[in-house]
Amino acid sequence: MGRVRDFMTQDTVVVDPELSLRNLVELLAQKHITGVPVVAGHRVVGVVTMDDVVEFLASEPTVPSAEEETVEQDETEPVDRWVEGEESVSNFFVDEWADAGADVTERFEAVHGPEWDQLGEHNVEEAMSRRLLTIGPEDSIADAARKMEQEAVHRLLVMDGDTLFGILTTTDVTRAVAQSQA
């Protein structure tokens, strides 16, 4: 039966908790991976995955821009109705938004302010999981597969005590099974 050490990735990509989420996403895309251990100094402090990033961003409220104003309407006031022949109520928006006639592409290219760069405004520490799911290098691939299934995860940190030896992913387990080593 195959051992974790035989199939794990030894040259593990790790990130610092202070890395911006934008830089994390770029790194994950560049390396074609979906998650990495988070290391502060020489200590593993968590794991961050693309799922963590998406979940974090989904839970964050959008940042209002400085130009936005909250308009409260008295519930007792009647709502003005548009009458044909009068100026459309929507003209208000055309008058208020300087770039209302701008092409959508032009508006999206004008990225300024935190509401446009949620990934750049937050770091790995804010999105990472502090729960470390580990397995030893001498454990069997079958044990690793069972643990991944029980915990519903796609990766386990291969550790002996506090020392990170590598990472074992579902792809590694699949490779072991394909080679009939599990």
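The values are calculated or read from the model by the stated rules, or taken from the named source; none is laboratory data. Everything numeric in this text was worked out from a predicted model, so none of it was measured. Don't worry about glycine lacking a Cβ; one is built from the backbone with ideal geometry, like all the others, and counts go over all protein chains shown.
In table form, for the structure just shown:
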quantity: Candidate set: segment 123-182, residues that are part of a loop (DSSP other than H, G, I, E, B) and acidic (Asp, Glu); chosen: the one nearest to Val13 (Cα to Cα); calculated: Asp162
quantity: Matching option when the condition is modelled with pLDDT of 65 or more, touching a helix residue (DSSP H, G or I) at 6+ places or on another chain (Cβ under 8 Å) and not β-branched (Val, Ile, Thr), among Glu26, Glu60; calculated: Glu60
quantity: Single residue of Met148, Met128 found to be crowded, with 19+ Cβ neighbours inside 10 Å, free of Cβ contacts under 8 Å to residues at least 40 places away in the same chain and in contact with a strand residue (DSSP E or B) (Cβ under 7 Å, 6 or more places away or on another chain); calculated: Met148
quantity: Residue identified as within 21 Å of Leu168 (Cα to Cα) and at pLDDT below 65 among Met1, Met8; calculated: Met1
quantity: Residue count for segment 35-57, restricted to those that are surrounded by fewer than 16 Cβ atoms within 10 Å (Cβ to Cβ) and at negative phi; calculated: 8
